[in-house]
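Reviewing the structure listed below.
Only the coordinates and a few stated rules stand behind these numbers; no lab work does. What you are looking at is a predicted structure, and each value in this text was computed from that prediction instead of being measured. Virtual Cβ from ideal backbone geometry, glycine too; neighbours counted across all protein chains shown.
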Amino acid sequence: MDQHSPSPLNEQQRALVLHVKRQILQMRQLRQFEWSPPSRPNSESAPEMQPEGESKVPLTVTMPEIQQAMLDQIFYDPVVLKHPPSSIYQHAFLKKVIYMIEEEGLYDISEDLMELFTELLMTVPKRPEEGGPPLMPCFKSYSLDRNCQKVVTVMEEQTTISSGTTGLRTWEASFWLAEYLIAHPEFVQSKNVVDIGCGVGFLGIACAMLGAKKVALTDGNMDVLTMAQKNIGYNKAPCPVSATALDWENFTNEQIASLEAEVLILSDLTYDPTNIVPLVTVLKAILVRGVSAFMSSAIRNPQTFIDFFAHIRKECVGVQIDEVILDGLDHLFFFDEETVQTVKVFHLHFP
Ligand SMILES: C[S@@+](CC[C@H](N)C(=O)[O-])C[C@H]1O[C@@H](n2cnc3c(N)ncnc32)[C@H](O)[C@@H]1O
């Protein structure tokens, strides 16, 4: 086949390329990578086969047209080129695809794909476990839809704790809350949204993409806030987004008033027992009648969680806490299956 004029992709092939793209943009670990889109309840035909009338060859990323589409729509996509996944990741992905093509022995390796792989091979640093430098922060892009039309790009660390803070990477709890708000954008649309303990800012920026009127990312750690500020700049949010210092242990009423909060979003802030009192103090100041809070938490230590709710009920008398049903949400984000946790989402408000 002429590699430069591939035949147009059919629906299943396009879905496969988009599925691969969403995983690459999030830098999903290759050992957990899904090489075919999961079958969806209302898809018209099995995802791994060609539609009726076409040859029933298994749909795989090794097919020449898919190889070319991955180059055009992922690796050479101008949007991806602006904020690409790490070169170590790109190199590892292509190495795996080349291995799969050779193993199958059905198709040739595209010359363009081989050229990109060779280019990366010459520049890619060694991995830390091979004696290379520590992993640097890198771009991860999270698609808020299956077609990669609405994407939030953030620079984040690849390690759990960096520079003594947990705030320099996106935590799983925020993916669950994002999936909930994607399914219910009416909760943030045309609202002033305030992200408390925003970390790198993924969730707040996602709310901006979902139609918020204004978003304030707030955090008490200055390194985290600097990262969040840069991340605002990597996205073309359709509304104003700011990054503001808000330390739960040291804030003023003027600071709270200036946020003009209508909706609060909080993700993964109930992990540390010493944080309960300061967190509830700031919540008490912002969560007044007419303001709603959406909070997601990974349940690591159930007692910390119980203590948090006991304290908030005591301080914010009359607050209603509704657990949000997450069943049936469209899962757009990929979780590390080795560290997957129970995540709960709550809606806090005054009736
Ligand atoms: C586990 S991270 C969660 C980040 C983000 N919400 C997410 O889900 O990806 C906790 C965040 O809370 C912030 N934080 C912890 N204590 C704080 C305090 N006293 N005042 C303000 N922010 C604080 C940290 O700086 C960090 O960014």
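Charged side chains reduced to their Cβ positions (Lys and Arg at +1, Asp and Glu at -1) give the stretch 155-349 a dipole of some 580 debye around its Cα centre. Taking max minus min of the alpha-carbon positions on each principal axis, the stretch 155-349 gives extents of 40, 40, 36 Å, largest first. Estimated purely from DSSP H runs of n ≥ 4, each contributing -39500 (n - 2.57), the mean residue ellipticity at 222 nm for the chain is -10500 deg cm²/dmol once divided by its residues.
For Q26, the residues 5 or more places off, or on other chains, whose built amide H falls under 5 Å of its own are S141. Note on the stretch 11-130: lysine pairs with Cα distance below 22 Å, sequence gap of 8 or more or different chains, count 5. For the stretch 100-257, the Cα gyration tensor yields ellipsoid semi-axes of 36, 22, 12 Å (square root of five times each eigenvalue, largest first, whole Å). Take every pair of alpha-carbon atoms less than 8 Å apart whose residues are at least six positions apart; their mean separation over the length of the chain yields a relative contact order of 13 percent.
Extension gain for K150 to K213 (0.36 nm times residue separation, less C-alpha to C-alpha distance): 21.0 nm. Rg/Rh for the chain stands at 1.01; both radii use Cα atoms, and Rh follows the Kirkwood definition. Once the chain from T252 to D112 is taken as fully extended at 0.36 nm per residue, the excess over their C-alpha distance is 44.6 nm. Taking every alpha-carbon pair under 8 Å whose residues sit at least 6 apart, the stretch 155-349 reaches a relative contact order of 21 percent.
Rounded to the nearest whole Hz, the Karplus-based 3J(HN,Hα) values (6.51 cos²θ - 1.76 cosθ + 1.60, θ = phi - 60°) of the stretch 61-67 follow the sequence 5, 7, 4, x, 5, 6, 4, with x at glycine and proline.
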